[in-house]
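As structure tokens, the structure follows; a few thoughts come after it.
The values are calculated or read from the model by the stated rules, or taken from the named source; none is laboratory data. Since the structure is predicted, the reported quantities are computational estimates derived from the model, not experimental observations. Neighbour counts are summed over all protein chains in view; Cβ atoms, including those assigned to glycine, are modelled from backbone coordinates with ideal geometry. In case anyone asks, the SASA skips ligands and DNA or RNA and just uses the protein heavy atoms, side chains included. Shrake-Rupley method; radii C 1.70, N 1.55, O 1.52, S 1.80 Å.
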Amino acid sequence: MKRMFAPATLTLAALTLVAVSVAVPMMPAAAQADQSDLSRVNAYIRAVTTMTADFAQTDRNGQTLTGQLTIKQPGKIRFQYQKGVPLLIVGDGKALTMIDYEVRQVQRWPIGNSPLGALIDPSKDLSKFGKVIQTGDPTVLSVQARDPKRPEYGTITMIFKRDAGSPAGLQLYGWVALDSQNNRTAVKLSNQRYGVPVADSAFRWTDPRPKGRASGG
């Protein structure tokens with residue numbers, strides 16, 4: 001089976017929505033508005049205790065996989081791919097693990113080393129490493145997060161729709177992740193549900209490696 005993405009980046013070919021941003025001189029009022037938006041995104045991440053959603057993941061070649069996303073703060077995330085795709089990605093609060101059941105491989109790395117850390121770590125302060133990307137659409141908020149001291153950790157651009165009925169007035173629409181080798185993957189979400197019961201067992205996994213190897217779930 002042809003692999004869809006580079007495992008070390010956990011994702012994703014850029015959404016057109018954020019690819020057309022234009023750099024403009026930042027005026028004081030605009031800077032204040034951006035800080036307000038960054039604070040709003042921080043509030044959203046801290047307000048989302050649990051979330052489930054359907055996702056469509058598109059790679060740099062335009063190929064798409066679908067599945068279900070589950071998030072439980074802090075740091076727990078699960079990408080359950082569509083039937084027939086022998087991949088699973090799980091974050092247990094400390095590390096992200098990608099399990100390939102077809103070739104019986106397991107790869108694991110700290111959540112903080114992944115672009116997704118900005119999305120699933122409520123302790124992070126986006127005002128220190130995030131910036132607002134202008135989209136030209138007042139109903140859409142796009143925020144790029146990147147640690148300038150750790151470029152190898154990659155970049156994530158989160159896209160939100162302003163929605164008064166959602167946590168902190170924002171609905172997570174999707175994101176684009178870019179690693180240090182310029183591997184891009186885009187994720188688009190739908191059917192978002194917040195505050196749903198999610199058991200910790202959702203973030204466990206079955207180790208496909210032969211017995212005697214280290215078990216991770």
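Rounded, prolate or oblate: which fits region 31-195, taking a ≥ b ≥ c as square roots of the Cα gyration tensor eigenvalues, rounded meaning a/c under 1.5, else prolate when a/b beats b/c? Here region 31-195 falls in the prolate category.
How charged is the neighbourhood of ILE111? Take every other residue with its Cβ under 14 Å from the Cβ of ILE111, and add Lys/Arg as +1 and Asp/Glu as -1.
On the way: positive: LYS72, LYS76, ARG78, LYS94, ARG108, LYS124, ARG150; negative: ASP92, ASP121, ASP147.
Around ILE111, the charge tally is +4.
For region 76-87, backbone phi angles converted through the Karplus equation (6.51, -1.76, 1.60; θ = phi - 60°) give residue-by-residue couplings of 9, 8, 9, 10, 9, 7, 4, 4, x, 9, x, 10 Hz, Gly and Pro being listed as x.
Residues whose amide H lies under 5 Å from that of ILE133, counting only those 5 or more places away or on a different chain, are SER142, VAL143, GLN144; hydrogens are built 1.01 Å from N in the peptide plane.
Averaged per residue, region 31-195 has 46 square angstrom of accessible surface, using a 1.4 angstrom probe with ligands and nucleic acids left out. Couplings 3J(HN,Hα) for region 105-121, derived from phi with the Karplus relation 6.51 cos²θ - 1.76 cosθ + 1.60 (θ = phi - 60°), are 10, 10, 10, 9, 8, x, 4, x, 8, 10, x, 5, x, 5, 8, 10, 10 Hz, where x marks Gly and Pro.
Calculate what fraction, in whole %, of the accessible area of region 31-195 sits on carbon and sulfur atoms when a 1.4 Å probe is rolled over the protein chains.
Numbers: 3340 of 7540 Å².
Reported share for carbon and sulfur atoms: 44 percent.
Computed from backbone phi with θ = phi - 60° and the Karplus coefficients 6.51, -1.76 and 1.60, the 3J(HN,Hα) list for region 153-168 is 7, x, 10, 10, 10, 8, 10, 10, 9, 6, 8, 4, x, 9, x, 6 Hz; x is used for glycine and proline. Here's how it looks for LEU170: its modeled amide H is under 5 Å from those of ASP163, which are all 5 or more places away or on a different chain. If you find the alpha carbon centre of region 164-205 and of region 37-112, how far apart are they in angstrom? Using only Cα atoms to place each centre, the spacing works out to 7 Å. Once both labels are positioned 7 Å from their Cα atoms along Cα-to-Cβ, the gap between ARG204 and TYR101 label points is 1.6 nm. Remark: the GLU152-VAL196 segment gains 12.4 nm on full extension, using 0.36 nm per residue and subtracting the alpha carbon distance. Fully extending the segment from ASP125 to ALA33 would add 31.5 nm, taking 0.36 nm per residue of separation and subtracting the current Cα-Cα distance. Pull out the extension gain between ALA47 and LYS211, defined as 0.36 nm times the separation in residues minus the alpha carbon to alpha carbon distance; nm, one decimal. Length gained between ALA47 and LYS211: 55.0 nm.
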